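Step one of this worksheet: look at the structure below.
The values are calculated or read from the model by the stated rules, or taken from the named source; none is laboratory data. Please read all numbers here as calculations on a predicted model, not as lab measurements. Here the Cβ positions follow ideal geometry from the backbone for every residue, glycine too, while neighbour counts run over all protein chains shown. SASA here: full protein model, heavy atoms, side chains in, ligands and nucleic acids out. Shrake-Rupley method; radii C 1.70, N 1.55, O 1.52, S 1.80 Å.
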Amino acid sequence: MYAIMGITGQVGSATARHLLDNGQRVRAIVRDKAKAATWAARGAEIAVADWSDAHALAAAFSDVDGVFAMLPANFAPSPDFAEPRALVQTLIAALRQAQPPKVVALSSIGAQHDRDLGLITQLHLLESALDTLPLPRAHVRAAWFMENIRWDVALAQHQGRLVSHLQPLDRAIPMVSTDDIGRTIASTLVETWFGRRVIELEGPRRYSPLDMAQALAAVLEHDVETATVQREQWAARFEDEGMPADRTGPRIAMLDGFNSGWIGFENGTTEHVRGRIPLGYVVDELVSAGLDVLESAA
């Protein structure tokens, strides 16, 4: 039995799916039982626990063979990262109480650094806290999610444009699909090891914004032009999207880290894994899903 956090999200659901497909038992940790019907139908055990409730989480983490742990996505944390710090503290308290045989945690490329990470600071805090536990633990440092391109589909589809915060446009960075992340986490959970592991994960090749535009063009069957968003426009752009003015800093710092090359893999003593799924496959799925929604609404 493996306890899975974030099972209603991209990585948690992919992890649970790979475990179930391989005959493993899953305990689905949800905050709202109504959202667990699909997993219950697949035979998963359901545990209701809020991410801020250490007692409920400890119960969900008990009597299992391993735990997949993660933080909820927060793209606009307070400047002192108070929210993720509190969640990390709660998670560690729950794990200390439950003492599962092993923990696999979703981390990020670059999380080995203790500065200039922006949003990825949250994962550095998580890794540091987990390393205080006397448990076998594995940090899965995933590359840039290929699924982030979903925010570019509409503009590419209707205007034939992709505007990128990643710069320069021809610079390729590590990217990975959430399905490959879930597959890696699932396979790690069923393994036996001792101490600390760091698994750095990327897709079969690296991609630039120009490659992203090319992938969109191939699926949409029309040209997609690429342009950069000038850095001095980022804060205003994020505010226009609804981000509070005093919380744009972490996102900007993360993008700066990717563009400068500061946010990268540690290499050295870490394990390095390449996934199977190319960017074009992810783009095709995202575009198809959008078309399915439009057709069902027509």
Glu45 accessible area, 1.4 Å probe, all protein chains in place, Å² to nearest 10: 70
Neighbourhood charge, 10 Å Cβ-Cβ cut-off, centred on Pro209 and excluding it, Lys, Arg +1 and Asp, Glu -1: -2
Filtered trypsin sites (Lys or Arg not before Pro), the stretch 191-298: DSSP coil and at most 16 other beta carbons within 10 Å: Arg205, Arg206, Arg276
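With helices defined as uninterrupted DSSP H runs, which ones in the chain have an alpha carbon span along their own long axis of at least 18 Å and mean Kyte-Doolittle hydropathy of at least -1.0?
On the way: long enough: 82-98 (24 Å, 0.43); 279-297 (28 Å, 0.94).
Passing helices, by number: 82-98, 279-297.
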Cα-based Rg / Dmax (Å) for the chain: 19.4, 56
Label-point separation in nm, Asp114 to Arg42, each point 7 Å along Cα→Cβ: 3.9
Amide proton proximity set for Arg31, modelled H, under 5 Å, gap of 5+: Ala49
Sparse-neighbour loop sites [GluC sites (Glu not before Pro); the stretch 166-266; at most 16 other C-beta within 10 Å; DSSP]: Glu191, Glu221, Glu241, Glu266
Beta bridges by DSSP in the chain, antiparallel share as percent, to the nearest 5: 5
Protein accessible area in the chain, 1.4 Å probe - carbon and sulfur %: 50
The chain: calculated mean residue ellipticity at 222 nm from DSSP helix runs of at least 4, using -39500 (n - 2.57): -12500 deg cm²/dmol
Per-residue SASA entry for Lys33, accessible area with 1.4 Å probe, Å² rounded to 10: 140
Average accessible area per residue (Å²) across the stretch 1-70 - probe 1.4 Å, nucleic acids and ligands excluded: 44
Largest to smallest accessible area among Ser288, Ser52 [probe 1.4 Å]: Ser52, Ser288
With DNA, RNA and ligands ignored, accessible area of Ser260 (1.4 Å probe; Å², nearest 10): 80
Full-stretch length increase - His158, Gln233 - with 0.36 nm per residue and alpha-carbon distance subtracted: 24.7 nm
